[in-house]
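Worksheet: the structure to be examined is printed underneath.
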Amino acid sequence: MKLFRFIDAERAYLPVALLCRMLGVSRSGYYAWRSRPPSKRSRRDTILTAKIHEIHRRSRQTYGSPRVYAELRALGTRCGRKRVERLMRQAGLRGCMRGRRSKGTTRRGKRAPAEDLVKRNFRATEVDRVWVADITYVATREGLLYVAFILDVYSRRIVGWAMEKHLKTELVVDALRMAVWRRKPAPGLIHHSDHVEGTVCE
């Protein structure tokens, strides 16, 4: 279960009992899951996916599976092309073609990036005035788990979050929906997000 994987990744920072209570799962269920050893294939996939993720990040999310595969081979990592394609698909990693930008819209009629309303000035005078979004990932015993979160700038508290095995747009959207449902902010809230991986490219 993805909740158990998240608990396993965060147990070094927060008590297991607290994490289980926050996520609505039992401690006995978590420890039963943890007692089952991961398969060799799962462990190998986790290691390879972390390498793929790093190559994709260094390419600024432009490399597709052929170039990621070539980079892995150049680094001495033995793997198959189909395996790289599968792991990238599971993680929601895609390549992008870089080209000239036009004013107003991007390729395929998509909107241009939104204006940076905070102007890199990450300060607020009260809660629920400025939220910032980010994505991180944690390596678990069964693979990489992606976590999107929404942080309130004033209180420095996480007001919304979501977890998935993939890195797709709905991951960030789900985190934002949770934040809106929990906080019910008044009009005028600024939600800032750098062009985080998985929310810009097809």
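The values are calculated or read from the model by the stated rules, or taken from the named source; none is laboratory data. Quick caveat, the model's predicted, so the values are computed rather than measured. Every residue, glycine as well, gets a Cβ built from its backbone with ideal geometry; the counts of neighbours run over all protein chains shown.
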Quick one: Thr77 ticks every box in (1) surrounded by fewer than 11 Cβ atoms within 10 Å (Cβ to Cβ); (2) modelled with pLDDT of 85 or more; (3) part of a loop (DSSP other than H, G, I, E, B) bar one, so which box is it?
(1)
When you scan segment 80-102, how many residues do you find that are in a loop (DSSP other than H, G, I, E, B) and either surrounded by fewer than 17 Cβ atoms within 10 Å (Cβ to Cβ) or modelled with pLDDT under 80 (or both)?
11
Find all pairs meeting these conditions: Cβ atoms under 9 angstrom apart; at least six residues apart or on different chains; first residue within segment 161-188 and assigned by TED's automatic domain parsing to the domain that holds His53 and over 19 Å from Arg129 (Cβ atoms); second residue assigned to a helix (DSSP H, G or I) and at pLDDT 85 or above.
none
Taking the options Val173, Val159, name whichever one is modelled with pLDDT of 85 or more and outside any helix (DSSP H, G or I).
Val159
Identify the single condition in (1) modelled with pLDDT of 80 or more; (2) of a type outside the set (Phe, Trp, Tyr); (3) loosely packed, with under 15 Cβ neighbours inside 10 Å that Thr46 does not satisfy, given that it satisfies every other one.
(3)
Which number in (1) touching a Lys or Arg at 6+ places or on another chain (Cβ under 9 Å); (2) assigned to a helix (DSSP H, G or I) marks the one condition that Gln61 misses?
(2)
Residues that are crowded, with 16+ Cβ neighbours inside 10 Å and touching a strand residue (DSSP E or B) at 6+ places or on another chain (Cβ under 6 Å): which helices (runs of 4 or more DSSP H) entirely in segment 1-43 hold 2 or more of them?
2-10
Do we find a residue being under 17 Å from the mean Cα position of the chain (by Cα) and not aliphatic (A, V, I, L, M) anywhere in segment 27-49?
yes
